[in-house]
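The values are calculated or read from the model by the stated rules, or taken from the named source; none is laboratory data. Predicted, not measured: the structure shown is a model, and the values here were computed from it. Note: ideal-geometry Cβ built from the backbone for every residue, glycine included; neighbour counts use all protein chains shown. Accessible surface areas use protein heavy atoms only, side chains included; no ligands, DNA or RNA. Shrake-Rupley method; radii C 1.70, N 1.55, O 1.52, S 1.80 Å.
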Amino acid sequence: MTSERVRVVRAWEWARPERPVRREVLAALPEQEEAKSPLLFVPGFGHGAWAFAEHWLGHAADRGFPAYALSLRGHGDSEPAPDATLRAYTHDVTQVAASLPRQAVLVGHGAGARVVAHAMSRYPARAAVLVAPVLGGWGTFGAALRRNPAGTVPAVFGGGLRLNRRQLFSRELPDADARRHVARLGRAGRRAQWQLLTGRQPEPAVGRPPVLVLGSPDDRVLPATALTRAARRYASAPLLFPGMGHDLMLDARWREPIDAILDWLDKDPAPTPG
Amino acid sequence: MSSSTDLGRPEPDPTAVPSRDDRPVSDRGDTVCVIGAGASGLTAVKNLREAGFGVDCYERETGVGGAWNWRHDRSPVYGSTHLISSRPFTQFPDFPMPDDWPDYPHHSQLLSYFERYADHFDLRQHVWFGTEVVRVEPVEGDRWDVTTRSTGGYGPERTSRYAAVVLANGHNWSPKLPRYEGLAEFRGEVMHASSYKDPAQLRGKRVLVVGAGNTGCDIAVEAAQQASHCWHSTRRGYWYAPKYVLGRPADQVNDTLLALRVPLRVRQWLYHWTLRLTVGDLTRFGLPKPDHRVYETHPIANSQLVYYVGHGEITPVPDVARFHDRTVELGDGRRIDPELVVFATGYLPRFEFLHGRVLGDEDGSGRPRLWLNAFTAGHPTLAVVGLVQPDSGIFTISHWQSVLFARLLTLRIARPERVAAFDRRVRAGLGERYSAKVKDSTRHWFEVGHADYLRALQRALHELEENK
């Protein structure tokens, strides 16, 4: 867990509240209300709510979980926001989470996991799931630079971070699908991209949510060491899905990770000791 | 997240150990009792639940929301009540209000916010509605006997024993009525602002509004729109701050300066200067010159009052000296003839179910002696939540007070030495104040500056958690 302490005085957040925007929220609800905690899926940079609408939303609803996915500002069908910061993204997540009927489970993918980590200090999530979490730092940057220099270098100069389909998907996914997904990718705000490297680390989570970390050892965006480190931060070991790409929710074997997440939630994980 | 102490409703258990005046006392184990399900009570329930405690909350009304639940007779809100502090200062720090709400939401939005908070965190199952607390008595082992009955005094009393108690019964329900000579002979209508609900009550009448709190100013503005004449009587000159300055909610501008750590004197100077540019010199309207600097009384945020004074719809007058049968004599000897007098003279905190001594109020003055306005010496399992009059939103403060109390209760078992250190801190800090010097009034003792207060609370939280 982060060593930083709880911050009570948040003068800048009070004095300069985030600008409200129109946000895209997609939902899939179970046919029968089963009193299960709602899930809120938070896509990573470049992705929108569509990435979860493809398979995971429907599957979660089939298993009785009310499932929601949002597009961070500037992504998907949410309002454009070229100047968005990590704080603005965090605001988007806490706004949607607080608008749900009951305490939500936050599921963040990629850099969306970093946003979820921030949101956990501003909203007491029922639980949190970090999928292939890109929590930032220079190590991640180095890995991206080695594996995809052409897509990463422009990001240093304020361009968009471009991910290619070999990074995101395994070879099992049909090429047509992979191309279709990659064509939908957008880009995150310039400042948010930088903050992923240089920004403040998340404050401690409120409400002691249990945290599950999962990913693939063959992820070509997130090095396996970074995955382990992310899990250790939340005092656990990552759940591994070998052979999958970074986008676990879109890859050919998308069913395995989501089933693992829902099984974990069905076991009603205990809050972290406080 | 269930807890082993979650025993459901505390039926009086005949096998329960101790008894009190021959009545059985049901032992609720580690459960914590929260009195009141208003904003402060709800956040106490939520934060104690989050820390793993079982909670019984008693609420005398039939719904959550406390002061903001306009449906019951003790609610001080009136039709046009809007927030004084803007949204970011008002919301709970971990449950944001929708960002498409206005900067200053209406009171009905506030109630819906609390109802959503209660549903979101599933709090209602811990609340006993329609139940009032009659007595709270300390017993051995820092535990508490809480005696309750149905609201209105129906049904039998019953007593339950709790591990800790949170007092969140609010401080805006017991009207404070000043005494005036001749008030009994006055033939006109007299009411306290607590019974003011609708501007129709003012329509076509000659109205005198007494008091320049935020409520008094709101009612004066409504009287200006509805009544045939409006006098507004104030004890002294005040700073009437507009709700917007420099194109932004005024408190957000103010906290920009706080965030930049601009010293108080400089902020006061900037504030005076901004007011001079926007509101202007008030004495030209006949308003008295303020006898204090800004930040030295509870801030009044009202953009409309000065506007209506400028349009001649409000006549500012000095303090009321005495009442005659048809007229009111003012401090300067003038006489006016209102048909309706509205006393917007505020409310007093009351803890009638608790002996004053417990809260350090030895002489019965009604002023508890507390540290952080929440903790009392010698009773480590008692906390008062929400007994603050901040220059900003109150719910943020209630939230952190109850977080601190929940952490304290958690550490009682694991780290008793830390709790002992905290108790020493409480004793040393009783009666500590968290604001610039404020003008004396019956409420000034719990006036706090939100930044000073929350910094002190943050320090206390960090001290408690250190090297954990």
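So which residues in region B:326-356 are of a type in the set (Asp, Glu) and modelled with pLDDT of 95 or more? B:GLU329, B:ASP337, B:GLU339, listed by residue number. All conditions but one from (1) over 30 Å from B:ALA374 (Cβ atoms); (2) touching a Gly at 6+ places or on another chain (Cβ under 9 Å); (3) modelled with pLDDT of 95 or more apply to B:PRO199; the one that does not is (3).
Tell me, which residue of region B:80-100 that is part of a loop (DSSP other than H, G, I, E, B) and open to solvent by 40 Å² or more (accessible area, probe 1.4 Å) is farthest from the other protein chains (Cβ to nearest Cβ)? Within region B:80-100, the match that is farthest from the other protein chains (Cβ to nearest Cβ) is B:ILE84. Residues that are facing chain B (nearest Cβ under 10 Å) and among the hydroxyl-bearing types (Ser, Thr, Tyr) were ranked within region A:70-107; the one that is nearest to A:LEU26 (Cα to Cα) is A:SER99. Considering only residues in region B:449-467 that are out of contact with any strand residue (DSSP E or B) (no Cβ under 9 Å at 6 or more places or on another chain) and more than 10 Å from chain A (Cβ to nearest Cβ), the one that is most open to solvent (accessible area, probe 1.4 Å) turns out to be B:ASN467. None of B:VAL253, B:VAL262, B:VAL221 is within 14 Å of another protein chain (Cβ to nearest Cβ), in contact with a Leu (Cβ under 9 Å, 6 or more places away or on another chain) and in a helix (DSSP H, G or I) except B:VAL253.
Selection of strands (runs of 3 or more DSSP E) fully inside region B:113-173 by the criterion of at least 2 residues being crowded, with 19+ Cβ neighbours inside 10 Å and at negative phi returns B:131-139, B:143-150, B:158-162, B:164-167. All told, B:PRO138 falls short of being modelled with pLDDT of 95 or more and more than 30 Å from B:THR381 (Cβ to Cβ). Scanning region B:232-242 for residues that are assigned to a strand (DSSP E or B) and surrounded by fewer than 24 Cβ atoms within 10 Å (Cβ to Cβ) yields a total of 3.
Here is the figure for region A:108-122: residues that are within 11 Å of chain B (Cβ to nearest Cβ) and touching a Leu at 6+ places or on another chain (Cβ under 9 Å) total 2. The criterion of at least 2 residues that are in contact with a Pro (Cβ under 7 Å, 6 or more places away or on another chain) and open to solvent by less than 40 Å² (accessible area, probe 1.4 Å) is met, among strands (runs of 3 or more DSSP E) falling completely within region B:315-393, by B:328-330.
From the list A:GLY76, A:GLY139, A:GLY112, the lone residue that is in a loop (DSSP other than H, G, I, E, B) and either open to solvent by 10 Å² or more (accessible area, probe 1.4 Å) or of a type in the set (Gly, Ala, Ser) (or both) is A:GLY76.
For every residue, the table says whether it meets (1) closer than 16 Å to B:ASP452 by Cβ; (2) within 25 Å of the chain's Cα centre (by Cα).
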{"residue": "B:ASP251", "(1), (2)": "yes, yes"}
{"residue": "B:ARG267", "(1), (2)": "yes, no"}
{"residue": "B:THR274", "(1), (2)": "no, no"}
{"residue": "B:VAL279", "(1), (2)": "no, no"}
{"residue": "B:LEU282", "(1), (2)": "no, no"}
{"residue": "B:GLY286", "(1), (2)": "no, no"}
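Every condition in (1) among the hydrophobic types (A, V, I, L, M, F, W, C); (2) open to solvent by less than 20 Å² (accessible area, probe 1.4 Å); (3) out of contact with any Pro (no Cβ under 6 Å at 6 or more places or on another chain) holds for A:ALA150 except the one numbered (2). For region A:198-236, the candidate set comprises residues that are without any contact (Cβ under 8 Å) to a residue 12 or more places away in the chain and not charged (D, E, K, R); within that set, the residue that is nearest to A:LEU168 (Cα to Cα) is A:ALA224. Within region B:43-78, the set of residues being under 24 Å from B:SER174 (Cα atoms) and more than 19 Å from the chain's Cα centre (by Cα) comprises B:THR62 only.
Once region A:39-73 is narrowed to residues that are touching a helix residue (DSSP H, G or I) at 6+ places or on another chain (Cβ under 7 Å) and charged (D, E, K, R), the residue that is least open to solvent (accessible area, probe 1.4 Å) is A:ARG73.
Only one entry in A:ALA67, A:ALA28 is more than 23 Å from B:PHE121 (Cβ to Cβ) and more than 14 Å from chain B (Cβ to nearest Cβ), namely A:ALA28.
Residue-by-condition table, conditions (1) outside any loop (DSSP other than H, G, I, E, B); (2) more than 11 Å from every other protein chain (Cβ to nearest Cβ):
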position: A:VAL6; (1), (2): no, no
position: A:VAL9; (1), (2): no, no
position: A:GLN32; (1), (2): no, yes
position: A:LYS36; (1), (2): no, yes
position: A:GLY44; (1), (2): no, yes
position: A:GLY48; (1), (2): no, yes
position: A:ALA51; (1), (2): yes, yes
position: A:GLY58; (1), (2): yes, yes
